[in-house]
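Visitor: Here it is, the structure, as structure tokens.
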Amino acid sequence: MSNANPLLAILSGLWVSTRHFLRNLSRFARGRQDFAIHFPEQRLVQPPALRGMPVLVQMDNGKERCVACGLCEWACPTTCITIYPAETTDEVERYPQIFDIDMARCMFCGLCEEACPEEAIVMSRQIEIASYSRRGSLWHKQDLLVPVNQLKTRTDYLRRNYDR
Amino acid sequence: MSDPEQKNPAAPTNGSNARAMEELHTPPMRLQFGPSHPATHGTVKITLDLEGEQVVWSEVEVGYLHRGFEKECETGYYYQNIPYTDRLNYSSPILNNVGYCMAVEKLFGIVTPPRCDYLRVIGGELSRLADHMLCIGASAMELAAFTPMLYLIEGRELMLDLVDALCGARVTTNFVRIGGVSADMPEGFREFAIERIDKALTLVEDANKLLTNNPVFRRRMEGTGYLSPKDLVAWGVTGPMLRAGGVPYDIRRVHPYLVYGDLDFEVPVGEHSDNFDRYLVRMAEIPQSRSMIVQCFDKLPGGPVNADDPRVRWPAKGRVFNRMEELIDQFKLVTEGGMAPVGEVYHAVEAANGELGFYIVSDGTGKPWKCRCRAPSFSNMSPLSKMITGGQLADVVPTFGMINMIGGECDR
Amino acid sequence: MTADNNGEKPAAPALPPLLRKVIDRLGAIVLEHKSAQGDDRINVARENILEAARMLRDDPELAFDLLLDVTAIDYLGQPDDFETNLQVWDQNRASMRRQPQRRHELVLPPRGPNPRFAVVYHLTSTAHLHVLRVKCRVPEDDPTIPSVTSLWPGANWLERETYDMYGIRFEGHPDLRRIYLYEEFVGHPLRKDYAKHGEQPIQEYVGPGAKEPRRPH
Ligand code: SF4
Ligand code: SF4
């Protein structure tokens, strides 16, 4: 095989690329649209495992589930989470007064989510976090809160692995 | 072009090259190749001295992507360094995860459950497929064969889709944990994976038809970048490059780790130790990886994917939420990182480019005292200067491409 | 792993076959040996490293022809019996617990009397497939060791990297320069007394065109 006629080899190579061209052409004629994803209008279908940006879970009463235990802060390899805890008279007694994530440093590794003992910080499906300034990539607690029912894909995915 | 000596009638045309050199001698031309040359897919600077087209002296400089991986590892807990290992060889990140975690497990003496081992092999072989496809595609593109690049990149995308479904990220996988993996594979992954891999393999087959018998490609690959098997070993070269020289040194075979001992696979070896054999060895490893993945799916046992080892593996989430002991354990493990025994271990895995070893020295705390990565690209790059000196300028590109130097791993 | 405590003087039958072979060949060159966590390790004095390396490479039964890795360890502040002394382990853990999480400043541990560095070689054989670790202690005031580039040319870059990171000078190395960092870099970053957030003096550009006035952006 390796000593085949060079001319033949070139012709068979040409045939390969011609076949690809014809196949794509016929698909295009039949209206196949998925040659490219036109980004802002179309989105890729992401698998349920997708790790997007970390967000805080907002419970139905509008408050965060986080109890400011600080485990995510410890676990974060890039130390991009800042938490200032405070006390409240609610049932859980503690809440984060300040909860900032520096998205410029965050690498979407998911260790904060894995460390959290309350399922209060989860990786959302949000991956578009570009901003015009460095200050814009500092996300505060109010920006990070996402209602719990919008995070269903991720929490379902996590719960699948609960008992492992 | 307007060189007056070219028109000198006394200059011999060919046949007496030495005399021509004597008569037309000019000092060698110094050429800086890189650091950001389109053909150096990884920032590396090669300084070449050229006599005409011939390389008479060369020097390779690496280090443009040095990020202090080892220093960074010394200040992080064992589990915090796993995401950093993704960034070593960014074209096959799961293999790096596996290498690091297995070294730490060896230090702790953890035995991982079989399902976890199989999942690691599946993830690792997917990464290897992606890495080989990228390597072949990029090298072909550097030799101006652009079409195979398109096919192989599409194949790599299919592999990355699988990695994405497995662990939630395409490149920054962070898949393997010390004593387990981050998540079990999703439902229906087997069918999805085999379909995707077969689709990618047809693309590889197309690229194979375009490249393997192509006379231009063969002329540029065959016989270039030669290094004798003895030299390869002496220079510390491992991986497909060493196997292309006929030395069947594959860690998966010689020191079977995970479940490689149970799998049925071949170690392709070359004989000429040139770039073309390196290409052929990589091409031959692609179907092997596919067969390994299929075997793993067939043999995949049930059961947990994480070791039940409270010293280092974080407790299962379901129990952390409901039970006090596990909650305390979680707090201890996150804030102290799992206290390792004192000692030092070296563990090597077969990464896509060769032997990837991690040498970890522990002083008994949750952070490594030293975490050394024995990067295959680094050792494979070191004889580059020897391989290209004396050859043609045009041979630098295929030789460099077949080393598959990955900046993140070489410069760490 | 539980046998670490009595690892200092292993009983003869416990010796793994590779270590036995190595000790038979090298004799008194081997200062110390240990087999733990499945790895075999010997210590040799740095004056003997070339001799030991040549014997390890050329002996047909050992045939360590593939030099996997050369690196160094900085044992700053760790006592000699670092690996066997459980008290040290406790102290280390306690000091790690005391450290604040985000420690950017440098706390220098006290220096002990023992040699500060160790140069570590990992060798393997493509014929016999065994792996051996060779360690040489190197003191801080004279961080030199003979180079093994003459035996394994692949040691060239590995030794350059070790020099770059730890400042250990390899005598007889053909071209001992920094490999990752620039020539003007002050200090050696993997030494324990180099702060992770250490700053470097700004280098003036001296190349061609340095004198020309800067173009406005
Ligand atoms: S995803 Fe990783 S880097 Fe980002 S905040 Fe969580 S732990 Fe930190
Ligand atoms: S780990 Fe969870 S509960 Fe604790 S501070 Fe972080 S988000 Fe809040």
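Visitor: With A:ARG159, A:ARG154 as the choices, which residue is of a type in the set (D, E, K, R), within 14 Å of ligand 1 (Cβ to nearest atom), under 30 Å from B:ALA307 (Cα atoms) and part of a helix (DSSP H, G or I)?
Guide: A:ARG154
Visitor: If you don't mind, another one. Check region B:133-155 and report whether any residue there is at positive phi and modelled with pLDDT under 90.
Guide: yes
Visitor: Just checking, how many residues over region C:36-59 are farther than 26 Å from C:THR144 by Cβ and touching a strand residue (DSSP E or B) at 6+ places or on another chain (Cβ under 7 Å)?
Guide: Of the residues in region C:36-59, 4 are farther than 26 Å from C:THR144 by Cβ and touching a strand residue (DSSP E or B) at 6+ places or on another chain (Cβ under 7 Å).
Visitor: Just checking: which of the helices (runs of 4 or more DSSP H) contained wholly in region B:195-273 hold 1 or more residues that are within 14 Å of chain C (Cβ to nearest Cβ)?
Guide: Because the criterion is at least 1 residues that are within 14 Å of chain C (Cβ to nearest Cβ), the helices (runs of 4 or more DSSP H) in region B:195-273 that meet it are B:229-234, B:240-244, B:251-254.
For every residue, the table says whether it meets (1) surrounded by 17 or more Cβ atoms within 10 Å (Cβ to Cβ); (2) under 22 Å from B:ASP184 (Cα atoms); (3) more than 9 Å from chain A (Cβ to nearest Cβ); (4) among the basic types (Lys, Arg).
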site: B:ARG313; (1), (2), (3), (4): yes, yes, yes, yes
site: B:LYS317; (1), (2), (3), (4): yes, yes, no, yes
site: B:GLN330; (1), (2), (3), (4): yes, yes, no, no
site: B:MET339; (1), (2), (3), (4): yes, no, yes, no
site: B:GLY343; (1), (2), (3), (4): yes, no, yes, no
site: B:HIS347; (1), (2), (3), (4): yes, no, yes, no
site: B:ALA352; (1), (2), (3), (4): yes, no, yes, no
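Visitor: Since A:PRO48 meets every condition but one in (1) surrounded by 13 or more Cβ atoms within 10 Å (Cβ to Cβ); (2) farther than 30 Å from B:PRO83 by Cα, which condition does it not meet?
Guide: Going through (1) surrounded by 13 or more Cβ atoms within 10 Å (Cβ to Cβ); (2) farther than 30 Å from B:PRO83 by Cα one by one, A:PRO48 breaks only (2).
So that you can scan it fast, the table gives a plain yes or no per residue for (1) more than 19 Å from C:TYR75 (Cβ to Cβ); (2) at pLDDT below 85; (3) more than 12 Å from every other protein chain (Cβ to nearest Cβ):
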residue	(1), (2), (3)
C:VAL148	yes, no, no
C:THR162	no, no, no
C:ARG169	no, no, yes
C:HIS173	yes, no, yes
C:ASP193	no, yes, yes
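Visitor: When you scan region A:90-125, how many residues do you find that are away from ligand 1 (no atom under 12 Å from the Cβ), of a type in the set (Asp, Glu) and more than 12 Å from every other protein chain (Cβ to nearest Cβ)?
Guide: 3
Visitor: Scan region B:99-121 and tell me whether some residue there is surrounded by fewer than 20 Cβ atoms within 10 Å (Cβ to Cβ), hydroxyl-bearing (Ser, Thr, Tyr) and not assigned by TED's automatic domain parsing to the domain that holds B:LYS209.
Guide: For region B:99-121, residues surrounded by fewer than 20 Cβ atoms within 10 Å (Cβ to Cβ), hydroxyl-bearing (Ser, Thr, Tyr) and not assigned by TED's automatic domain parsing to the domain that holds B:LYS209: absent.
Visitor: Right, here's the next one. Which one of B:ASP264, B:ASP250, B:ASP308 is closer than 30 Å to A:ARG160 by Cβ and among the charged types (D, E, K, R)?
Guide: None of the other options fit; the residue is B:ASP308.
Visitor: Just checking, which of A:GLU73, A:GLU87, A:GLU64 is away from every other protein chain (no Cβ under 14 Å) and either out of contact with any Asp or Glu (no Cβ under 9 Å at 6 or more places or on another chain) or within 14 Å of ligand 1 (Cβ to nearest atom) (or both)?
Guide: A:GLU64
Visitor: Based on this model, can you work out whether A:ASP143 counts as part of a loop (DSSP other than H, G, I, E, B) and more than 14 Å from chain B (Cβ to nearest Cβ)?
Guide: No, not satisfied.
Visitor: If a residue must be in contact (Cβ under 8 Å) with a residue 40 or more places away in the chain and outside any helix (DSSP H, G or I), how many such residues does region B:366-412 contain?
Guide: Count: 19.
Visitor: For region C:181-190: of the residues being within 11 Å of chain B (Cβ to nearest Cβ) and over 17 Å from the mean Cα position of the chain (by Cα), which is surrounded by the fewest Cβ atoms within 10 Å (Cβ to Cβ)?
Guide: Top of the filtered list is C:TYR182.
Visitor: Just checking, does region A:16-36 include any residue being within 30 Å of A:HIS140 (Cβ to Cβ), exposed (fewer than 11 other Cβ atoms within 10 Å of the Cβ) and at pLDDT 80 or above?
Guide: There is no residue in region A:16-36 that is within 30 Å of A:HIS140 (Cβ to Cβ), exposed (fewer than 11 other Cβ atoms within 10 Å of the Cβ) and at pLDDT 80 or above.
Visitor: Have a look at A:ARG105, A:ARG94, A:ARG65 and point out the one that is more than 23 Å from B:ASP164 (Cα to Cα) and free of Cβ contacts under 8 Å to residues at least 60 places away in the same chain.
Guide: A:ARG94
Visitor: So A:LEU56 clears everything in (1) within 14 Å of chain B (Cβ to nearest Cβ); (2) surrounded by 20 or more Cβ atoms within 10 Å (Cβ to Cβ) except one condition, right? Which one?
Guide: (1)
Visitor: Then there's this: Scan region B:158-194 residue by residue and report those that are more than 11 Å from chain A (Cβ to nearest Cβ) and of a type outside the set (Gly, Ala, Ser).
Guide: B:LEU158, B:MET159, B:LEU160, B:VAL176, B:ILE178, B:ARG190, B:GLU191, B:ILE194
Visitor: Against the conditions (1) more than 14 Å from chain A (Cβ to nearest Cβ); (2) of a type in the set (Ser, Thr, Tyr); (3) surrounded by fewer than 24 Cβ atoms within 10 Å (Cβ to Cβ), where does B:THR335 fall short? Just the number, please.
Guide: Among (1) more than 14 Å from chain A (Cβ to nearest Cβ); (2) of a type in the set (Ser, Thr, Tyr); (3) surrounded by fewer than 24 Cβ atoms within 10 Å (Cβ to Cβ), the lone unmet condition for B:THR335 is (1).
Visitor: Related question: How many residues does region A:114-129 contain that are part of a strand (DSSP E or B) and within 6 Å of ligand 2 (Cβ to nearest atom)?
Guide: Adding up the residues that qualify gives 1.
The values are calculated or read from the model by the stated rules, or taken from the named source; none is laboratory data. Just so we're clear, the structure is a prediction, and the values are computed from it rather than from any experiment. Glycine also receives a Cβ, built like all others from the backbone with ideal geometry; neighbour counts cover every protein chain displayed.
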